[in-house]
Amino acid sequence: MKLRGTLESLNFSSLQNILTLDLCVNLLTENLSNNVLNGTIPKEIGNLSNRNWNDEIFVEIDLSDNDLSGKIPPTIGNLSHLKYIGFHKNHLSGTIPTELNMLANLKAFNVYDNNFIGQFPHNICQGGNLKYIASSQYHFIGHVLMSLNNCSSLIRLRLEKNHFDGNITDDFGVCPNLKFMGLDDNNFYGHLSSNWGKCHNLTDLHISRNNISGYLPPELGEATNLYSIDLSSNHLTGKIPKEIGNLTMLGRLYLRNNHLSGNVPVRIASLKGLETLVVAANNLSGFIPKQLAILPRLLNLSLSHKKFIGNIPDEFGQFKVLESLDLSGNVLNGAIPPMLGNLKRLETLNISHNNLFGQIPSSFDQMISLSFVDISYNQLEGPLPNMRAFNNATIEVLRNNIGLCGNVSGLNPWKISSSGSHYHKIKKLILLIYSINLNE
């Protein structure tokens, strides 16, 4: 059954026994999925506040996944016992009514994927019960964190893709119950407080694409339940603290596009659950730690656009499940390690813009999963391996080397034998000449 029409067609005055109004895309109490309700939310919805049955009181309203438009009526503030609001995935607009501050029992407020503007209600957490806020992808402005400063009940906060600002250092306090913090794509500034280490239940800290500056606090290593950290595209400086190695639950670390310096701490290699390490586009330098190769679950490693020197570690051929490796834009030299041919699960390899020289190892023929490779802007020479990644390559990922050859437009052609090894022929020719000289 699919509901169509407007909410105005519902007679809220006749809903004598209602406890939960759930007209979302996935209704739990009845099969009314994929509704196509449009129009506005009528102000009469506030009349539900006095309707009860068996001394139970109306506590939930879910109108998500419809085509509702217009504003949230201020009469929603009459629903004093309301615990859950779900208006997400509609076309609602305007500002959030300040009457929401009257909902002292509110525990969850989900209004993401709409067209709201203006500021977030300043006292929405004054009841001390609010646990879940999801209001991403709007045009909200203002110092929202200041209004949530004392919201110790918060478990999950999602405010991504808005225009919120404010000093994150001063405006946000310690939330002992907080598990998920999503502030990506806003205009927050200031530095990361050492108080983040006191958030012992925190599993996800995402504040990418803001204006955060200063150092990464070593105290962050005390938030030992952290699984995902994304602080990309900010203005962080200083070194990556070795205390990051204390985060034994860490699975994802994104620090790309900052101003971090120094070395990659070797202690990161102790994070046995790490799946993604992306620290590209910083000012990191020194040698690439060969110890990273012992990370048993690492899928994605990006160390590009920095100042790493030396060779690509032979040990990198020991990665068990690595799927993406990006070492581009460094000052790496030497030959490509033949051990990389052991990376059977590697799908993308980017070692462009370095000073690598020599031939591409014949062991690359064993990289059966490799579908994309970029070796441009090095000093490589010799024939391309006869494998999918190179057979499908364009000149853009091969250009500016000193002597590559193969069946790619822009390179010198070279017919590779079915065995994939032209150099066997060269070796045979050398042996033949050597044999003739001996006979003479």
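Summary table below
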{"quantity": "Test: residue in the range 40-51 that is modelled with pLDDT of 90 or more, among the small types (G, A, S) and not in a strand (DSSP E or B)", "calculated": "no"}
{"quantity": "Some residue of the range 408-420 being assigned to a helix (DSSP H, G or I), at pLDDT below 95 and either open to solvent by 30 Å² or more (accessible area, probe 1.4 Å) or under 20 Å from I312 (Cα atoms) (or both)", "calculated": "no"}
{"quantity": "Selection count where residues are modelled with pLDDT under 90, crowded, with 16+ Cβ neighbours inside 10 Å and among the charged types (D, E, K, R), scope the range 146-195", "calculated": "1"}
{"quantity": "Positions within the range 342-392 being small (G, A, S) and crowded, with 20+ Cβ neighbours inside 10 Å, in sequence order", "calculated": "S352, S376, A389"}
{"quantity": "Residue match in the range 73-85 (condition: part of a loop (DSSP other than H, G, I, E, B) and among the hydrophobic types (A, V, I, L, M, F, W, C))", "calculated": "yes"}
{"quantity": "Search result, residues across the range 280-291 that are part of a loop (DSSP other than H, G, I, E, B) and in contact with a strand residue (DSSP E or B) (Cβ under 7 Å, 6 or more places away or on another chain)", "calculated": "A280, N282, I288"}
{"quantity": "Strands (runs of 3 or more DSSP E) (entirely within the range 292-401) containing at least 2 residues that are within 30 Å of the chain's Cα centre (by Cα) and hydrophobic (A, V, I, L, M, F, W, C)", "calculated": "307-310, 331-334, 372-374"}
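The values are calculated or read from the model by the stated rules, or taken from the named source; none is laboratory data. Computed from a predicted structure; not experimentally measured. With ideal geometry, Cβ positions are generated from the backbone for all residues, glycine too; neighbour counts draw on all protein chains shown. We work out accessible area using only protein heavy atoms, side chains counted, and drop any ligands, DNA or RNA first. Shrake-Rupley method; radii C 1.70, N 1.55, O 1.52, S 1.80 Å.
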